[in-house]
Amino acid sequence: MKRSIFLFLFGCMLWPAKALNVDSLQISLLTVYPNASAVYTIYGHTAMRLYDPVSGADVVLNWGMFNSHQPNFLYHFIKGETDYYFAAIPLEGFLEEYSWKNATIAEDVLNIPNENKTALIEMINWNLAPENVEYRYNFLFDNCVTRPRDIIEKFCGGVLEYPVLKEPTTFRQLIHSCTDPYPWMTFGIDLLIGAGADSIVGLRSSLFLPLSLKEALNESYTAKNEEKQPVVLQSHIILDSPKVETGSSWSTPARFGWIMFIHSVVLGLWGVWRRKRMNFFFAPWFLIAGLGGCIVAFITLFSEHPATSPNWNLLWLHPLHLLAFIGYWFKKPHGIFGYYHWINAIVLILALAAWKWLPQILNPADIPYILLLATASACWIWLTKKQRA
């Protein structure tokens, strides 16, 4: 991050040092292809390039800068209170940074009329003022992709006509298009985003991902005085890095879940036969589910992130599981724990029965974990009944 801050400061000092010639100025969209170097790079990245061969200025406009070392960064990120900032970075430094990350970068030269370039530069200068560089990051509606999109729409010289959306899509499907190679990440994201992510979105709203914007602009036109001009003049790769195959992990959340469910059935039957609650196995699962439920509940109730509320995962993953965890450590637990397991088993069974009709698409990998918790509650109920007999 210190390196990024240095580039940011260097870019801000470099920007006003050279006057740009609007006649020779070339404005481009830069698309960093998704890669697995970090969690936030699997979606890719978008920036803009201003290149003037006359003055020699060559800078990248980057709205994706953030400081991960700021106090309580993780808390503010989860709560949706992360501030990103804008910087003008030398192209050389930008390419070096992503070469180190083994990323591929494509450049799309934009068809921006000369008469609009001066106003665009003025807007960039305003954005680079210290009081204007920060903005509140929003993953779906205000990020490093949507800001260049808005600029292109404003200065393209006419009404930007996007291509027709080929088929209905949702925010969740678009996110999955990037996270599918990483099943554990897909599983975690599906736990945190709610029913709002399953609403059908229009094409413009879908352009919060780098590759989506690139592909759309390559099929878009600007309309002015009944004359259409392509938005993109030419495309090429400016940084080509070798592809790294991610492979498929045998231990996906679904496979791991089904293995754990089978263990729960075997150990549960053994426990029923031996009249033991099998605390060593079931208690940790209620602890994990309860702590995970605390995170899901916090994000659902308090986060400013979009599409996190309502979240129907709370039917099976919620803080009340911590009550069940506590119950395992009493030799003769209070009846409240028995009531809890009855309610828990019924709710989990109903959730599975209504799976297709829930107003939210839940990850199929949830099923074995739901069955595991239901099995644990069923074993508790059965043993309690036997102890009273």
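Structural remarks
- Straight-distance crosslink candidates among lysines, where the alpha carbon sits under 24 Å from LYS385 and sequence neighbours closer than 8 are dropped: LYS276, LYS331, LYS332
- Loop-resident sites, the range 166-226, for GluC sites (Glu not before Pro), counting at most 10 other Cβ within 10 Å (DSSP): GLU226
- Our Cα-only numbers for the range 253-388 put the radius of gyration and Dmax at 15.2, 49 Å.
- Förster radius 25 Å - calculated FRET efficiency between GLU226 and LEU203 (Cβ-Cβ, nearest 0.05): 0.65
- Full extension of the chain between TRP342 and VAL159 yields a length gain of 59.9 nm, computed as 0.36 nm times the residue separation minus the alpha carbon distance.
- Against the set (i) 5, 23, 33, 26, 12, 2, 0; (ii) 5, 21, 29, 25, 15, 5, 0; (iii) 4, 19, 25, 20, 14, 9, 6, 2, 0, 0, the structure's computed P(r) over Cα pairs in 10 Å bins from 0, in percent falls on (iii).
- Dividing the helix sum by the residues of the chain, where each DSSP H run of 4 or more adds -39500 (n - 2.57), gives a mean residue ellipticity at 222 nm of -14500 deg cm²/dmol.
- Cα→Cβ-extended label distance, 7 Å offset, between TRP100 and LEU233, nm: 3.3
- Label-point separation, ALA119 to SER251 (7 Å along Cα→Cβ), nm: 5.7
- FRET efficiency for the pair LEU322 and ILE381, taken as 1/(1 + (r/R0)^6) with r the Cβ-Cβ distance and R0 = 30 Å, rounds to 0.95.
Each reported figure results from applying straightforward, stated rules to the coordinates on display, with no laboratory input. Computed from a predicted model, the values in this text were never measured in an experiment. In this analysis, Cβ positions are derived from the backbone assuming ideal geometry, glycine residues included, and neighbour counts consider all displayed protein chains.
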